[in-house]
Amino acid sequence: MVWLTVAAWVLAVAQVSVFLAEMLRSLSAGPTAFLLFSAVLFIFLGAVIEGPAAVVILLPTFLPVVKQFGIDLVHYSIVITAAVGIGLFLPPIGVGLFICCGIAKISIDRTLRPMLPYVIFLCLGLLIVVLFPWFTLVLPRVLKL
């Protein structure tokens, strides 16, 4: 697990998040494209490094872009949380999947095929959340949070 900390440190020192934020600002693709890009990026980073490290490294630099696009912070937080959660168990590199396989004493190879339908449905659910922000914002707006 030391390599995860080293990878997070390298990303922070190399200022990868600043580069990504500037690249996204220069693109005029719109808020939906930004949300899709963020979701894919956080799925990948959630699988490769620890989720909290990915959030701590990237989220502060992405927040100005989120505000610039007018994306609701609650909605963006839900998208990022779901994406990191998917990445955590993404076969074959998800850290959570390795931990579960270690606890169950089974090989990663045995889990790949059974995990794919779950990952596909989770990704479809995340896509619905990205494309329809009102879906996640109904309850906060009703409760006026």
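Bear in mind that the values in this text are calculations on the coordinates, not laboratory data. Just so you know, these numbers come straight off a predicted model, no measurement behind them. Cβ atoms come from the backbone with ideal geometry, glycine included; neighbour counts cover every protein chain shown.
General remarks:
- Residue within region 78-91 that is assigned to a helix (DSSP H, G or I) and in contact (Cβ under 8 Å) with a residue 60 or more places away in the chain present: no
Each row is one residue, and each column tells you yes or no for (1) out of contact with any Leu (no Cβ under 8 Å at 6 or more places or on another chain); (2) among the aliphatic types (A, V, I, L, M).
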{"position": "V40", "(1), (2)": "yes, yes"}
{"position": "P52", "(1), (2)": "yes, no"}
{"position": "T61", "(1), (2)": "no, no"}
{"position": "Q68", "(1), (2)": "yes, no"}
{"position": "L90", "(1), (2)": "no, yes"}
{"position": "G94", "(1), (2)": "no, no"}
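- Any hit, region 97-110, residues being out of contact with any Gly (no Cβ under 8 Å at 6 or more places or on another chain), assigned to a helix (DSSP H, G or I), buried (at least 18 other Cβ atoms within 10 Å of the Cβ) and in contact (Cβ under 8 Å) with a residue 12 or more places away in the chain: yes
- Region 54-91, residues that are surrounded by fewer than 19 Cβ atoms within 10 Å (Cβ to Cβ), within 14 Å of the chain's Cα centre (by Cα) and small (G, A, S): S77, G85
- Any chance I128 is in a loop (DSSP other than H, G, I, E, B) and surrounded by fewer than 18 Cβ atoms within 10 Å (Cβ to Cβ): no
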